[in-house]
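Asks: Can you read through this structure? Questions will come right after.
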Amino acid sequence: MGSRTEILAKIKTNKPNLIETPIIEPQVFDEGLNLIEEFTKKVEAVGGQVVPITYEMDIHTEIKTLFPDTALNFSTLEKAISFNTLSLDNIEKPQELEDLDVLVLESPLGVAENGAVWVNDTSFPIRVLPFITKHLVLVLGKNDIVPYMHQAYDTLNDFNFGVFISGPSKTADIEQSLVIGAHGALSLTILLKND
Amino acid sequence: MSHPKLASLFNQNEARVDWHDKALWFVRHKRDLATHQVKGWEALRDLGHHIKAHTLSNLDNYLIEFEKNALENGIQVHWAANGDEHNKIVHQILEENQAKKIVKSKSMLTEECHLNPFLEAKAIEVIDTDLGERIVQLAKEPPSHIVLPAIHKNRHEVDALFQEHLNTQPCDGDPQYLTHEARKHLREKFIKADAAITGVNFAIAETGGFVVCTNEGNADMGAHIAPVHIACMGIEKLIPKQEHLGVFLRLLARSATGQPITTYSSHFKRPAKGHKMHIVIVDNGRSEQLGRPDFRASLHCIRCGACMNTCPIYRRSGGHSYDATIPGPIGSILSPGKDLTKHSSLPFASTLCGSCSDVCPVKIDIHSQLYKWRQIITQNTKQPFIKKKSMVFMGKLFTKPTQFARIGKIARWSLRYLPKSIINARPNIWGKSRDLPNGPKQSFDEWYKERTKK
Amino acid sequence: MTVGLFIPCYINQLYPQVGIATLELLEKLNVDVVYPSGQTCCGQPMANSGYENESVGTCQNFVENFKDFDYIVTPSGSCAYHVKKHYNILEQTPNVTKVRNNVHELCEFIVNVLKVTNIGAYFPYKVGIHKSCHGLRGLRLGSCSELVGDHYSYIEDLLKEVSDIELMPLQRADECCGFGGTFAVAEEAVSVKMGKDKIKDHLESGVEVITATDTSCLMHLEGLINRNKQPLKVMHVAEILNTNLTKLKSD
């Protein structure tokens, strides 16, 4: 517990009188975005790509055309048996996922203003998956895009771990030169589903 | 050494100053482009400010709420009154888990507590995994910026450093090659780590969870692979509700680098099966700062670094010239609260131009606080004799118009007739690189009186 | 309308022409101008150096001299800002409050109170505007590059109407020049570097004359320009706005 009591007592003595919580009014920020257009623009701006697909298409076949020569693939989507070349049943430690080439996950939510896509660990059994994979493919429904972060948080309730991902991993720590692929995925593809 | 001394050393290499200034101005420029695209940006800053002010006014209760929810989520919660206690807690957790190899993502708090040397002295390997932090760690230097830790290093210096420590090939400073070599090097460290330490960007009282933002994905690579995750947070990282994240995540990355959001905004709520999660809540002088009404708002800071990028002094003196964990304008209002004497030159390392306050996403009145620290410093620390005497003299002089006119006349005469070699000689520091104006024959006052007589 | 004219201490002693231009300009605009003779300084030099307490007498002297005016006008954004922002160290008597409320920077006074922008000035030169920080970010004499909002600027409103003037754009529209009062000597190296960079920006834009609402910034820049023999002049905005007048008088 350490110095819990002491710290809380000090805060209680030193804090100012209660100040009211401000109310967030999302309409203040509303500029009538074209959600798909804005979302696509932002994903591309942060180094990702958006590929529109229709519901008749077989998602995994589409992904195979995007990544034809990859060895280790894993998808959490339905009908992935022929796509998956890796079985999580044999994975004991997250480290063993090190050579994963392509990971496909379904996302329930995208945000137009920043191209961020939400995934949480109800859809992927091992948390490091979307970070350790070389290429990340997220499947998102067109109608699941919200304009701003304010609306996004309205929908996020039950998760143990979740992450907004906006583009592939990147750094500019060497002289402000942008380099894609720091520690996480080297590429991010969003399959935008017409549903 | 004081800020002016370190700053003048930095300024001995003017080309380097120009390069540093431009690199950071570029970031400020990207910030402008991003923020000017957001409808209601100023309203968003207002919200950020008021949510933080509200949180601080109820901080003890929010911390209790956060702790309760975190415990229910299966996270272990620890409290540290100061840096020393923080380090001991972290060490104890590591010992309990027989952790010898640690990967750490960016956390200014652990810098502040000097965690690395503490653990290294106990034969624990701590690897900073943010690329910029790894660069300065290899160079055995502190970060010079809170978001861009190695901004003071050029690509050729990084090249040389990597050749020495990571056995890379000479590459004429190719950032692509260097980054990919660092990826390989650090991938190995992630895979072998026994525990991961991360900072916390926001902790949410309502959910007992916390958010960590990175672009590289290093916090996640560490926290999800290693069996133990220790997240260290200052008490001021708390926000009441999840919906408040909507405000802060919109503000943070745009202010920091001009990105609409960081690549990864990771929301940790419950540990994964078979993994352990700890949170260390640290005070280390923050509750004291909370008790200073004039400086309380400095605790609003979300560590975006925008005040550094915009500060014309920071850009031209470098982060190390501040000799403090947090450099730049925000550091200059935080540091004096920790050690007034050591940091007494920092509030004076500003022209009070106010740009820092205007870029601040949570509207901290940084330049007003700099002004206020100045008043406290002159009263509580030793000041140069000449400065003090001349201020007292001027203060008196300006209450006596006739005397002011007489002294003014002498000053004007001197400027007019004394040789430049005498005027610009020491102790006239102004005259080292600048001329003084020629003394006019008449002051305005004299001219006005003459005109009125006519 | 009677205006109390405040001439900052260093303008009074070192740049009387700026005071003269300000006075003549206001008179041309049919303002009844009074210059209270007991005035000295606003107190800023001591206060910004951390010696606010030593400035109390100076501030009181200011209030004493200007308490009877409905408008106090000064050719300095910095001094006006100091009175407004930092006179909280005085007891807030009705006189102190009145003085704090009534102090105006010259350009803002002309545009907002007199509601005039065209003064009939003539200045056939390439001019770069230096937006002095205290006036800009303290008094909001114009939009600031950091903030999101519509563009405006009182000094631009006035200068745009000057005949034959050419206003030159800068790479960094409102970066500080590095003067900063005692900062200029306490942080000499950085101050000088900031000034040099500012001058470079103006030179690269083809500026012939740098102008500002504050002579303090200009004194710093002029010091560097003269030392380095650069082809630039500095003039307070009052001097530019008053050009045509002076010309008419001497004719």
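Coordinate-derived values only; no laboratory data. Since this is a predicted model, take the numbers as computed values, not measurements. Ideal geometry is used to build each Cβ from the backbone, glycine not excepted, and the neighbour counts take in all protein chains shown.
Asks: Under a crude label model (7 Å from the Cα following the beta-carbon direction), how far is B:Ile386 from A:Gln27 in nanometres?
Replies: 6.4 nm
Asks: Could you state, as a whole-number percent, how many of the C-alpha pairs of the protein assembly as shown are farther apart than 42 Å?
Replies: Roughly 39 percent, once rounded to a whole number.
Asks: So, one more: Please work out whether region B:389-453 counts as rounded, prolate or oblate from its C-alpha gyration tensor, where a ≥ b ≥ c are the square roots of the eigenvalues and a/c under 1.5 means rounded, while otherwise a/b larger than b/c means prolate and anything else oblate?
Replies: Oblate is the answer for region B:389-453, as a/c is 1.5 or above yet b/c matches or exceeds a/b.
Asks: Let me ask something else about it. Helix-only estimate, please: 222 nm mean residue ellipticity of chain A, summing -39500 (n - 2.57) across DSSP H runs of length 4 or more and dividing by its residues, to the nearest 500.
Replies: Dividing the helical sum by the residues of chain A leaves -5500 deg cm²/dmol.
Asks: Can you give the extra length, in nm with one decimal, that the chain gains between B:Glu14 and B:Asn73 once fully stretched, where that is 0.36 nm per residue apart less the Cα-Cα distance?
Replies: 15.8 nm
Asks: In terms of the ratio Rg/(2.2 N^0.38 Å) built on C-alpha atoms, what value belongs to region C:126-250?
Replies: Cα-based Rg divided by the globular estimate yields 1.05.
Asks: Tell me, which cysteines of chain B are without a disulfide-compatible partner by the Cβ under 4.7 Å rule?
Replies: Here B:Cys113, B:Cys171, B:Cys213, B:Cys232, B:Cys301, B:Cys304, B:Cys311, B:Cys360 come out as lacking a disulfide-compatible partner, given the Cβ-Cβ threshold of under 4.7 Å.
Asks: Calculated from DSSP H runs of 4 or more alone, at -39500 (n - 2.57) each and per residue, what is the 222 nm mean residue ellipticity of chain B, nearest 500?
Replies: Here the helix-only value at 222 nm equals -15500 deg cm²/dmol.
Asks: Let me confirm one metric for peptide A:17-30, namely the mean number of other chain beta-carbon atoms within 10 Å of its residues' beta-carbons.
Replies: For this peptide, the per-residue mean of nearby foreign Cβ atoms is 5.
Asks: What residues have an amide H closer than 5 Å to that of B:Ala231, excluding those fewer than 5 places away on the same chain, when H is modeled at 1.01 Å from N in the peptide plane?
Replies: B:Thr198, B:His278, B:Ile279, B:Val280
Asks: With chain A treated as a Gaussian network of Cα nodes joined by springs under 10 Å, which of A:Pro26, A:Pro147, A:Pro52 yields the largest mean-square fluctuation?
Replies: Largest GNM mean-square fluctuation: A:Pro26.
Asks: Just in region C:114-196: which GluC sites (Glu not before Pro) are loop by DSSP and have at most 15 other Cβ atoms within 10 Å?
Replies: Here the GluC sites (Glu not before Pro) that fit, given the DSSP loop and packing criteria, are C:Glu161.
Asks: In addition: Using unit Cβ charges (K, R positive; D, E negative) and no other charged atoms, how large, in debye to the nearest 20, is the dipole of region A:1-98 about its Cα centre?
Replies: 760 debye
Asks: Whole number please: convex hull volume per residue, Cα atoms of chain B, in Å³.
Replies: It is 182 Å³ per residue.
Asks: Just need log10 I(q)/I(0) for region B:374-413 at q = 0.14, 0.28, 0.30 Å⁻¹, Debye formula, equal scatterers on the alpha-carbon atoms, no solvent, rounded to two decimals.
Replies: Taking Cα atoms of region B:374-413 as identical point scatterers yields -0.42, -0.91, -0.97.
Asks: Okay, moving on. Could you work out, for chain C, what percent of all Cα-Cα pairs fall into each 5 Å distance bin, beginning at 0 Å and stopping at the bin that holds the largest distance?
Replies: The distribution over chain C is 1, 6, 14, 18, 20, 17, 13, 8, 3, 0, 0, given as percents.
Asks: Just list whichever of B:Lys432/C:Lys233; B:Lys5/B:Lys441; B:Lys68/B:Lys104; B:Lys5/C:Lys160 have alpha carbons separated by over 32 Å in the model shown.
Replies: B:Lys5/B:Lys441; B:Lys5/C:Lys160
Asks: Going down the list B:Lys449/C:Lys84; B:Lys106/B:Lys273; B:Lys22/C:Lys196; B:Lys100/B:Lys192, which pairs span over 21 Å between their C-alpha atoms?
Replies: Where the Cα-Cα span goes over 21 Å, the pairs concerned are B:Lys449/C:Lys84; B:Lys106/B:Lys273.
Asks: Taking H as built 1.01 Å from N, whose amide H comes closer than 5 Å to the amide H of B:Ala195, not counting residues under 5 places away?
Replies: HN-HN under 5 Å from B:Ala195: B:Lys101, B:Val103.
Asks: Which whole-Hz ³J(HN,Hα) couplings does region B:57-62 yield from phi under the Karplus relation 6.51 cos²θ - 1.76 cosθ + 1.60, θ = phi - 60°, glycine and proline marked x?
Replies: Rounded to whole hertz, the list is 6, 9, 4, 4, 5, 5.
Asks: Which loop-located trypsin sites (Lys or Arg not before Pro) does region B:415-445 contain, where loop means any DSSP state but H, G, I, E or B and the Cβ has at most 14 other Cβ atoms within 10 Å?
Replies: Passing sites in region B:415-445 are B:Lys441.
Asks: Hey, what's the per residue convex hull volume over the C-alpha atoms of chain A, in cubic angstrom?
Replies: Per residue, the Cα convex hull of chain A comes to 204 Å³.
Asks: If we restrict to alpha carbons, what Rg and Dmax does region A:53-124 come to, in Å?
Replies: Rg then Dmax for region A:53-124, in Å: 13.6, 39.
Asks: Same structure, new question: Can you tell me which of A:Gly48, A:Gly32, A:Gly167 moves the most in a GNM of chain A? Springs connect C-alpha atoms under 10 Å apart.
Replies: So, out of A:Gly48, A:Gly32, A:Gly167, the one fluctuating most is A:Gly32.
Asks: How many angstrom lie between the Cα centre of region B:207-254 and the Cα centre of region B:124-179?
Replies: 24 Å
Asks: For helix B:401-417, what angle does its Cα long axis make with the longest principal axis of chain B, in degrees from 0 to 90 and rounded to 10?
Replies: Tilt relative to chain B: about 90 degrees.
Asks: Taking R0 as 60 Å, what FRET efficiency do you get between B:Glu288 and C:Asp68 from their Cβ-Cβ distance, rounded to the nearest 0.05?
Replies: 0.85
Asks: Also: Using helices alone, what [θ] at 222 nm do you get for chain C, with -39,500 (n - 2.57) per DSSP H run of 4 or more residues, divided over all residues and rounded to the nearest 500?
Replies: Mean residue ellipticity at 222 nm (helix-derived): -12000 deg cm²/dmol.
Asks: What is the local net charge at A:Glu44, summed over the other residues whose Cβ is closer than 12 Å to its Cβ (Lys, Arg +1; Asp, Glu -1)?
Replies: 0
Asks: Starting from the Cα gyration tensor of region B:38-284, take the square roots of the eigenvalues, sort them a ≥ b ≥ c, and report rounded, prolate or oblate (rounded when a/c is under 1.5, otherwise prolate if a/b is larger than b/c, else oblate).
Replies: The shape class here is oblate.
Asks: What whole number of Å gives the distance from the Cα centroid of region A:88-117 to the Cα centroid of region B:364-437?
Replies: 63 Å
Asks: Please give the FRET efficiency for B:Asn97 paired with B:Lys184, using the beta carbon to beta carbon distance and R0 = 25 Å, rounded to the nearest 0.05.
Replies: FRET efficiency, B:Asn97 to B:Lys184: 0.40.
Asks: Okay, next question. Mind telling me which of A:Thr76, A:Thr61, A:Thr21 comes out most flexible in a GNM of chain A, alpha-carbon contacts under 10 Å?
Replies: Top of the fluctuation ranking is A:Thr21.
Asks: Considering amide H positions built from the backbone, and no H for Pro or chain starts, which residues 5 or more places from A:Val139, or on another chain, come under 5 Å of its amide H?
Replies: A:Leu105, A:Glu106, A:Ser107, A:Leu191
Asks: Please turn the phi angles of region B:174-187 into ³J(HN,Hα) values with the Karplus equation 6.51 cos²θ - 1.76 cosθ + 1.60 (θ = phi - 60°), one per residue in order, whole Hz, x for glycine and proline.
Replies: Residue by residue, region B:174-187 yields 6, x, 4, 4, 4, 5, 6, 5, 5, 4, 5, 4, 7, 4 Hz.
Asks: Counting only C-alpha contacts under 8 Å and six or more residues apart, can you give the relative contact order of region B:153-281 as a whole percent?
Replies: 25 percent
Asks: Taking a ≥ b ≥ c as the square roots of the Cα gyration tensor eigenvalues, with a/c under 1.5 meaning rounded and otherwise prolate when a/b beats b/c, else oblate, which class fits region C:86-195?
Replies: oblate
Asks: Per residue and in cubic angstrom, what volume does the convex hull of the Cα atoms of region B:295-454 have?
Replies: 165 Å³
Asks: Please give the average number of partner chain Cβ atoms lying within 10 Å of the Cβ of each residue in B:55-61, rounded to a whole number.
Replies: For peptide B:55-61, the averaged partner shielding equals 6.
Asks: Just to confirm the number: angle between the C-alpha axis of helix B:366-380 and the first principal axis of chain B, 0 to 90 degrees, nearest 10?
Replies: On a 0 to 90 degree scale, this one is about 70.
Asks: Gap in Å between the Cα centre of region A:16-53 and the Cα centre of region C:77-144?
Replies: 38 Å
Asks: Also, quick follow-up: Cross-link candidates for B:Lys52: which lysines have Cα within less than 18 Å, leaving aside residues fewer than 8 places away along the same chain?
Replies: Counting by Cα, and skipping residues close in sequence, B:Lys52 has these lysines nearby: A:Lys12, A:Lys15, B:Lys237, B:Lys241, B:Lys363.
Asks: Roughly how many nanometres apart are two label points built 7 Å out from the Cα toward the Cβ at A:Ala71 and B:Lys453?
Replies: 9.9 nm
Asks: Taking only the alpha carbons of region C:2-113, what extent do you get along each of the three principal axes, in Å, biggest first?
Replies: Dimensions of region C:2-113 along the principal axes of its Cα atoms: 39, 31, 23 Å.
Asks: What spacing in nm lies between the two simple spin-label points modelled at B:Phe393 and B:Arg406, each 7 Å away from Cα in the Cβ direction?
Replies: Simple spin-label model gives 1.5 nm for this pair.
Asks: In region C:1-100, which GluC sites (Glu not before Pro) are in a loop and have at most 11 other Cβ atoms within 10 Å, using DSSP for the loop call?
Replies: Those that pass, being in a loop and sparsely packed, are C:Glu91.
Asks: Could you pull out every one of the lysines with an alpha carbon less than 26 Å from that of A:Lys79, ignoring same-chain neighbours closer than 8 positions?
Replies: In chain and number order, the partners are A:Lys64, A:Lys93, A:Lys134, A:Lys142, A:Lys193.
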